[in-house]
Amino acid sequence: MVKIYIDPGHGGTDPGAVGNGLQEKNLTLQIAIKVRDLLSGYSNAEVRMSRTNDQTVSLTQRTNDANAWGANYFLSIHINAGGGTGYEDYIYPGSSTPTTTYQNIIHEEIMKVVNFADRGKKQANFHVLRESNMPAILTENGFIDTVADANKLKQASFIQAIAQGHVNGLVRAFNLVPSGGAIHHTVVSGDTVYALSQRYGSTIAQIQSWNGLDANYTIYPGQVLRVK
Ligand SMILES: [Zn+2]
């Protein structure tokens, strides 16, 4: 089993960055829950989260929890602020393989499916990167105080794409294996969930559930959906 610790940044009394009617803590939780749900379709992935609701959790609690669990990877999800635009991610300064390899793969997979400017692969002395005993990454998914980025982050389909990019990276980095009998389909233009349910003999409800699609879901070309 690959034990993946998912850390939605901030929460509870700490909203993180705020802007354009959005709070970082809510966006990071939405993305993290979708990552968790998508990973449930893989037989060799085990997930633990630092929080699953709007809860105050200190940085030390997060890294202590991941270390005690014996996570193989620490994924911290954040939204940026400060007037820029686009996506970037961080590993601890001076990290070697496999941390750098995981960053390369996850960065590449997120950039493939998310329409964000690429701000690059970076390093920083952040608590969760320094105090975690396992390879770790911190992703910064757009700028909450930049209108163009915030408008993207307000769309459920965009949040879904960010989550899918993280999962595609984890699947490649850790050779995650789809659950027994599961079939994954890469969406092409014109596909609908109804058509996919007919083609693969699944129900629409099953496809929604496997992929964490909520009531207002949309699917997009390049998205990998579990369809059986
Ligand atoms: Zn943050």
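What follows is calculated from the coordinates using simple rules that are stated; it is not laboratory data. Note that the coordinates shown come from a computational prediction; the quantities given were computed from them, not determined experimentally. Counting neighbours? That spans all protein chains shown, and the Cβs are built from the backbone with ideal geometry, glycine included.
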Calculate how many DSSP beta bridges within the chain are antiparallel, expressed in % of all such bridges and rounded to the nearest 5. 35 percent
Pop out the ³J(HN,Hα) list for the range 37-42 in order, Karplus 6.51 cos²θ - 1.76 cosθ + 1.60 with θ = phi - 60°, rounded to Hz; leave Gly and Pro as x. 5, 5, 5, 5, x, 10
Share antiparallel - DSSP beta bridges, the range 52-151, percent rounded to 5: 30 percent
With a 10 Å radius around each residue's Cβ, average the other Cβ atoms per peptide and rank 54-63, 214-223, 144-153, highest first. 144-153, 54-63, 214-223
Residues 49, 111, 1, sorted so that the one with the fewest Cβ neighbours within 10 Å comes first: 1, 111, 49
Tail beyond 12 Å, pair distance distribution of the range 184-226 (Cα, percent): 56 percent
In whole percent, what relative contact order does the chain give with Cα contacts below 8 Å and a gap of six or more residues? 24 percent
Would you mind checking which residues have amide H under 5 Å from residue 49's amide H? H placed 1.01 Å from N; only 5 or more apart, or other chain. 6
Mean separation of Cα pairs under 8 Å and 6+ residues apart, divided by the residue count of the range 184-226: what relative contact order is that in percent? 64 percent
Can you give the translational diffusion coefficient of the chain in µm²/s, computed by Stokes-Einstein from the Kirkwood radius over Cα pairs at 4 °C and 1.567 mPa s? 73 µm²/s
Hey, can you grab everything whose amide H is under 5 Å from the amide H of residue 117? Only 5+ residues off in sequence or another chain; H modelled, so Pro and N-termini drop out. 86, 87
Arranged by the count of other C-beta atoms within 10 angstrom, fewest first, what order do 127, 166, 78 take? 127, 78, 166
How much mean residue ellipticity at 222 nm does the chain get from its helices, if each DSSP H run of length 4 or more adds -39500 (n - 2.57) and you divide by all residues, to the nearest 500 deg cm²/dmol? -11500 deg cm²/dmol
